[in-house]
Amino acid sequence: MPVLRWIDHNVERVILFLLLSVMTIVIILQVFMRYVVESSLTWSEELARFCFVWLIYIGISYGVKRARHIRVEALLSVFKRRGKYVINMIAHLMFLFFALIAVYYGFTIYQAIKDTGQVAPSIRISMSIMYLGMPIGMLLTSVRLIQRIYIETKLYRSNEEIIDNDIPRL
C-alpha cells in the first residue's frame with residue numbers, strides 16, 4: 001500500500017504544483033509575446049483561467065488536509081477540551097454538508113454544460129472541463145473532511161490533548 005499512501009499524502013500537492021506551473025508559464029509567455037514580440041497569444045488567457053479555477057478548488061482540499069483554513073480562535077479559547085472538540089466537529093460537519101451539496105450541484109452543472117457541447121473559443125476544449133473543477137475539488141475536500149473528523153475523534157477518544165497551534169495534519 002505504499003502507492004496509496006503516497007497518493008494520499010501528495011495528490012493535492014502534485015496537482016497544485018502542475019496547475020500553478022502551467023498557469024505561470026502561460027502567463028509569462030503571454031507577457032513576453034505581447035510586449036517583446038508585439039503579438040499576443042489567443043489561447044493563453046483561457047488556459048490560465050482553466051488552471052486557476054481548478055487551482056482554487058483543489059486548494060480548498062489541500063487547506064483542509066493541512067488544517068490551514070481560517071478559524072475563529074477567540075471562540076475556541078473560551079472552551080475546554082470537550083467544547084473545542086464539539087465546536088470543531090460541528091464546523092467540520094457543516095463544511096462537509098456544504099461540500100457534498102457543491103459536489104451534487106457541480107456535477108449537475110457539469111452535465112448541463114457537457115450536454116450543450118459548449119467549447120472554449122480559443123483553445124477548443126469543452127467548457128465542461130472547467131466546470132468539472134468544482135465537483136472534483138469538493139469531492140476531494142469531502143474525503144479530507146471525513147479523514148479530519150476521524151483523526152480528531154480518534155485523538156479525542158484517546159485523551160490526547162490537541163494544542164491549538166498543533167492541529168493534527170493529515
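Before moving on, here are some points about what is shown:
- On full extension, the segment bounded by TRP43 and ILE123 gains 28.3 nm, given 0.36 nm per residue less the C-alpha separation.
- Computed from Cα atoms alone, the Kirkwood hydrodynamic radius reported for the chain is 18.4 Å.
- Full-extension gain in nm, LEU76 to LEU18, via 0.36 nm per residue minus C-alpha separation: 17.3 nm
- Candidates VAL143, VAL78, VAL22: whichever shows maximal mean-square fluctuation once the chain is modelled as a Gaussian network with Cα springs under 10 Å: VAL78
- Among LYS80, LYS154, LYS114: highest mean-square fluctuation, GNM of the chain, C-alpha pairs under 10 Å: LYS80
- With Cα atoms, 0 to 90° folded angle of helix 2-32 axis to the chain main axis: 40
- Estimated from helices alone, the mean residue ellipticity of the chain at 222 nm is -25500 deg cm²/dmol (sum of -39500 (n - 2.57) over DSSP H runs with n ≥ 4, per residue).
- Applying both filters, DSSP loop and at most 12 other Cβ atoms within 10 Å, to the trypsin sites (Lys or Arg not before Pro) of the stretch 22-78 gives ARG68.
- Folded to 0 to 90 degrees: helix 44-65 orientation relative to the chain principal axis, Cα: 10
- Magnitude of the charge dipole, the stretch 14-148, Cβ model with Lys/Arg +1 and Asp/Glu -1, debye to 20: 960
- Spacing of the two label points (7 Å from each Cα toward its C-beta) at ILE151 and LYS114, in nm: 3.2
- Angle between the chain longest axis and helix 133-157 axis [Cα atoms, degrees, rounded to 10]: 20
- When the chain is treated as a GNM with alpha-carbon contacts under 10 Å, the residue of LEU132, LEU19, LEU76 showing the greatest mean-square fluctuation is LEU76.
- Number of Lys pairs (Cα under 23 Å; 8 or more positions apart or on different chains) in the chain: 4
- Neighbourhood net charge (14 Å Cβ-Cβ; Lys/Arg +1, Asp/Glu -1) for GLY59: +4
Read-outs: derived from the displayed coordinates by stated rules, not from any lab. Remember, it's a predicted structure, so these values are computed and weren't measured experimentally. Don't worry about glycine lacking a Cβ; one is built from the backbone with ideal geometry, like all the others, and counts go over all protein chains shown.
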